[in-house]
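*Asks:* This is the structure I have questions about; it appears just below.
The values are calculated or read from the model by the stated rules, or taken from the named source; none is laboratory data. Keep in mind that this is a model prediction, so the values were computed, not measured. Here the Cβ is made from the backbone with ideal geometry for all residues, glycine too, and neighbour counts use every protein chain on show. Calculation scope for accessible area: heavy atoms of the full protein, side chains included, ligands and nucleic acids excluded. Shrake-Rupley method; radii C 1.70, N 1.55, O 1.52, S 1.80 Å.
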Amino acid sequence: MKNLVTLLVVILFLSACGDKKSAPEPEAPVNTTPKNITQAFIGPELPVQQRSSAFYVGVRYFKDYSSEDQVTLTFNGQNGVLQNTYKTEQEGTNLLYLFQPAGQAVTGKLKLSIKNEQKTFEKEQDCRITDDLTLKTVWNALSKTYLSGFDRHIERLKTGTFALNSQSTTVLGIFLDNASVPGDRFGRTLIPALQGRYELTYAGDALSEIKIIHGEPLLNQAFSSQKTYTDLGTVYGNFTSRTQQNGYEVTTYNTSEFILTTYLNPTIMYTIIRKK
């Protein structure tokens with residue numbers, strides 16, 4: 001009996017020792033300081049993209065922490081290919097993505113995901129792919145509802161960075177080819193032969209007028225009104241009338257669906273487009 005009691009004591013002692021060895025180590029303290037993303041923007045280079053062309057999209061976001069994030073940008077499930085990333089105190093974290101041609105005309109979603117070890121920030125924005133960038137196609141694509149989902153667009157710089165500009169349903173942006181932009185920027189054209197600052201007017205949700213300010217001859221000695229006339233004639237045919245009105249040379253071009261009226265005086269050249 002005495003031997004049995006001794007055996008039980010030994011077993012209990014060994015069991016206790018085993019429990020101590022298998023007890024889990026205490027977990028390292030977790031950093032509970034919140035990591036917040038305070039603002040994020042998605043900025044395509046153009047408001048609509050041609051399905052046969054690759055296109056660029058910029059992302060800029062601001063946060064209150066310095067650790068790295070896992071960031072992805074997709075369009076209809078296709079991952080954008082990261083071209084560059086950089087940070088500045090004033091401009092936050094910036095990423096430039098390239099998407100290959102979509103292959104079809106569609107309105108899809110650009111989806112942004114920013115993940116840190118605490119949470120995932122998500123944002124999405126409509127992106128419209130069109131068969132081409134002709135006047136008719138772009139006109140029909142730029143509804144007020146669609147553009148109201150955009151708050152920024154980008155202009156790519158030759159340093160690999162980009163400028164992020166505000167956009168509205170009234171001022172679409174400035175679209176110039178490579179020969180017409182400052183030396184540090186890449187050109188970006190929207191509608192053929194119609195370079196300049198686009199201003200939009202709506203009737204309800206549909207466009208009623210596009211005004212394109214081509215240039216200011218007195219302020220920009222490099223601006224060529226003759227080049228603009230030549231480009232317009234190449235794409236939209238010979239002008240149908242040219243008159244002098246209130247100090248302007250007024251030139252009219254006609255297509256099957258649109259009237260383009262170009263105004264030129266020594267200080268400004270612009271075109272107003274209306275549907276017939």
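*Asks:* Name the strands (runs of 3 or more DSSP E) wholly inside the stretch 132-197 in which the number of residues that are in contact with a strand residue (DSSP E or B) (Cβ under 8 Å, 6 or more places away or on another chain) and of a type in the set (D, E, K, R) is 3 or more. I'd like the intermediate steps shown before the answer.
*Replies:* Working: elements: 152-156, 162-166, 171-175.
Ranges flagged: 152-156.
*Asks:* Can you tell me which residue is nearest to Leu142 (Cα to Cα) among those in the stretch 46-65 that are open to solvent by 20 Å² or more (accessible area, probe 1.4 Å) and outside any strand (DSSP E or B)?
*Replies:* Taking the stretch 46-65 and keeping what is open to solvent by 20 Å² or more (accessible area, probe 1.4 Å), we get 46, 50-54, 56, 60, 62-65.
Going one step further and asking which of them are outside any strand (DSSP E or B), we end up with 46, 51-54, 64-65.
Numbers: Leu46: 11, Arg51: 16, Ser52: 19, Ser53: 19, Ala54: 20, Asp64: 36, Tyr65: 38 Å.
Among those residues, the one meeting the criterion is Leu46.
*Asks:* When Gly237 is evaluated against the numbered criteria (1) open to solvent by less than 50 Å² (accessible area, probe 1.4 Å); (2) modelled with pLDDT under 95; (3) more than 24 Å from Leu172 (Cβ to Cβ), which criterion, by number, is the only one it fails?
*Replies:* So the condition that Gly237 fails would be (2).
*Asks:* In the list Leu232, Leu260, which residue meets the criterion of being open to solvent by less than 60 Å² (accessible area, probe 1.4 Å) and outside any strand (DSSP E or B)? Lay out the reasoning, then the answer.
*Replies:* Working: Leu260 fails: outside any strand (DSSP E or B).
The conditions single out Leu232.
*Asks:* Here's a check for you: in the stretch 72-81, which residue that is out of contact with any Leu (no Cβ under 6 Å at 6 or more places or on another chain) and not in a loop (DSSP other than H, G, I, E, B) is surrounded by the most Cβ atoms within 10 Å (Cβ to Cβ)? Outline the logic, then answer.
*Replies:* Kept after step one, since they are out of contact with any Leu (no Cβ under 6 Å at 6 or more places or on another chain), are these residues of the stretch 72-81: 72, 74, 76-79.
From what is left, the residues that are not in a loop (DSSP other than H, G, I, E, B) are 72, 74, 78-79.
Working: Thr72: 15, Thr74: 17, Gln78: 13, Asn79: 11.
Among them, the one singled out is Thr74.
*Asks:* Taking Pro217 as the residue in question, decide whether it is of a type outside the set (A, V, I, L, M, F, W, C), within 17 Å of Leu142 (Cβ to Cβ), touching a residue at least 40 places away in the same chain (Cβ under 8 Å) and out of contact with any Ser or Thr (no Cβ under 6 Å at 6 or more places or on another chain). Break it down stepwise before answering.
*Replies:* Working: of a type outside the set (A, V, I, L, M, F, W, C): yes; within 17 Å of Leu142 (Cβ to Cβ): no; touching a residue at least 40 places away in the same chain (Cβ under 8 Å): yes; out of contact with any Ser or Thr (no Cβ under 6 Å at 6 or more places or on another chain): yes.
It is false that Pro217 is of a type outside the set (A, V, I, L, M, F, W, C), within 17 Å of Leu142 (Cβ to Cβ), touching a residue at least 40 places away in the same chain (Cβ under 8 Å) and out of contact with any Ser or Thr (no Cβ under 6 Å at 6 or more places or on another chain).
*Asks:* Just to be sure before I move on: is Thr243 open to solvent by less than 70 Å² (accessible area, probe 1.4 Å), in a strand (DSSP E or B), out of contact with any helix residue (DSSP H, G or I) (no Cβ under 9 Å at 6 or more places or on another chain) and over 23 Å from Leu142 (Cβ atoms) in the structure I sent?
*Replies:* Numbers: open to solvent by less than 70 Å² (accessible area, probe 1.4 Å): yes; in a strand (DSSP E or B): yes; out of contact with any helix residue (DSSP H, G or I) (no Cβ under 9 Å at 6 or more places or on another chain): yes; over 23 Å from Leu142 (Cβ atoms): yes.
Yes.
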